[in-house]
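Down below is the structure, laid out as structure tokens.
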Amino acid sequence: MNRLSPEWSARLDHWIRTLKEDLYHPLGEISWEASFTSEQLPLSEAMKLPFRAVRPGEAWGRQWEYGWFVSTVTLPEEAAGQRIVFEPGLDAECTVFVDGKEFGTYRADWVTERHHFLTDNALTVCGEPGHTYSLVLEAYAGHWFPFLQETGHTCTGPVLPGLYDGPDEAALRKVIRQGTFGIWNEDAYQLLMDVETLAGVLDSVEPTSLRAAHVAKALKDFTLAVDFEQDAEARKADYRRGREVLAPALAAHNGSTMPEFFAVGHAHLDLAWLWPMAETYRKTARTFAAQLRLME
């Protein structure tokens, strides 16, 4: 077989884990002030609400409730020339506003990879020390919907009265964690994407094929090219070298009889699936703002 041996597979898994640990380096904490309401408000009206300081560990959000969180972030000297992202520390899906404009979304807690929370939320790709950003997040505490007892899947149709008892509507549903802002390591992220793509290819192709042998060798060579036990700039240089090692395997073409595939990014909006129309409007703002920013 041309798949990786257990020893090489374990080595590759460790290199992937370590790459993920080098994606984000916090520079400072975000201190939030918040106001909570069941009203569905535009940004201009929400800013008239009474705000108070909130701290990590504080619970908030009854069913159907919105939390408006405001803060500012001023970049320190270490941010110079760096891509800066933020992790708000809110356990809820949010509409994000930066400097008074729709910015995008902070994804809901169904995201399993921590870095998926961060990649979209880049305040700048070239940080300027002393620059201040105004952050506003409209966070939705959510609402209860029934799950099928046999499978744990969401009910997509009517349910018998009394069969599915919801939680206490007055109970607080969310907990504030510590928000941070910091440096996003794009070199590490792009290398991670290359490695995980080829690892997926290796899991999919015929294990005794020449293609599997080429991909397996590229992944081995990547682990030999990247030394994590260096300072940040030397690591970045190795990450770029690692991408060069993987490039030929990524550039390989299928045979002449294979179909050609095209991938197009998209977003979809469920108009009123497990939330009311008012929440769909907010999802529209999140989605469109994020897509326009990513296109830019």
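The values are calculated or read from the model by the stated rules, or taken from the named source; none is laboratory data. Just so it is clear, the structure is predicted and the values come from calculations on it, not from any experiment. Don't worry about glycine lacking a Cβ; one is built from the backbone with ideal geometry, like all the others, and counts go over all protein chains shown. Accessible surface areas use protein heavy atoms only, side chains included; no ligands, DNA or RNA. Shrake-Rupley method; radii C 1.70, N 1.55, O 1.52, S 1.80 Å.
Considering T105, T95, which residue is touching a Lys or Arg at 6+ places or on another chain (Cβ under 6 Å), in a strand (DSSP E or B) and either at pLDDT 90 or above or on the phi > 0 side of the Ramachandran plot (or both)?
Only one candidate passes the filter, namely T95.
Of all residues in the stretch 69-81, none satisfies being under 20 Å from the mean Cα position of the chain (by Cα) and under 30 Å from E229 (Cβ atoms).
Taking the stretch 77-93 as the range and being farther than 30 Å from G142 by Cα, out of contact with any Ser or Thr (no Cβ under 8 Å at 6 or more places or on another chain) and surrounded by fewer than 22 Cβ atoms within 10 Å (Cβ to Cβ) as the test, the residues that pass are E77, E78, A80, G81, Q82. K217 fulfils the conditions (1) open to solvent by 70 Å² or more (accessible area, probe 1.4 Å); (2) closer than 30 Å to L137 by Cα except for a single criterion, (2).
When the stretch 22-41 is limited to residues that are charged (D, E, K, R) and within 30 Å of F51 (Cβ to Cβ), the one that is surrounded by the fewest Cβ atoms within 10 Å (Cβ to Cβ) turns out to be E39. Annotation: E233 fulfils all but one of (1) acidic (D, E); (2) more than 24 Å from P26 (Cβ to Cβ); (3) within 26 Å of the chain's Cα centre (by Cα); the unmet one is (2).
When L135 is tested against (1) surrounded by 14 or more Cβ atoms within 10 Å (Cβ to Cβ); (2) out of contact with any strand residue (DSSP E or B) (no Cβ under 6 Å at 6 or more places or on another chain); (3) of a type outside the set (D, E), just one condition goes unmet, and that condition is (2).
Okay, residues lined up against (1) in contact (Cβ under 8 Å) with a residue 40 or more places away in the chain; (2) acidic (D, E); (3) in contact with a Phe, Trp or Tyr (Cβ under 6 Å, 6 or more places away or on another chain); (4) under 30 Å from R17 (Cβ atoms):
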| site | (1), (2), (3), (4) |
| --- | --- |
| L118 | yes, no, yes, yes |
| T132 | yes, no, no, no |
| W144 | yes, no, no, no |
| V159 | no, no, no, no |
| L163 | no, no, no, no |
| V175 | yes, no, no, yes |
| T197 | yes, no, no, yes |
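Listed here are the strands (runs of 3 or more DSSP E) enclosed by the stretch 113-220 that have at least 2 residues being under 26 Å from the mean Cα position of the chain (by Cα) and among the polar types (S, T, N, Q): 132-140. Could we say that V96 is within 20 Å of the chain's Cα centre (by Cα), closer than 30 Å to L192 by Cβ and open to solvent by less than 20 Å² (accessible area, probe 1.4 Å) here? Yes; evaluated as a whole, the condition is true for this residue.
Restricting L4, L19 to residues that are buried (at least 16 other Cβ atoms within 10 Å of the Cβ) and at pLDDT 95 or above narrows the list to L19.
Conditions (1) open to solvent by 60 Å² or more (accessible area, probe 1.4 Å); (2) modelled with pLDDT under 80, marked per residue:
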{"site": "A139", "(1), (2)": "no, no"}
{"site": "P167", "(1), (2)": "yes, yes"}
{"site": "R177", "(1), (2)": "yes, no"}
{"site": "E186", "(1), (2)": "no, no"}
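If only residues of the stretch 241-288 that are among the β-branched types (V, I, T) and under 24 Å from the mean Cα position of the chain (by Cα) are counted, the one that is least open to solvent (accessible area, probe 1.4 Å) is T280.
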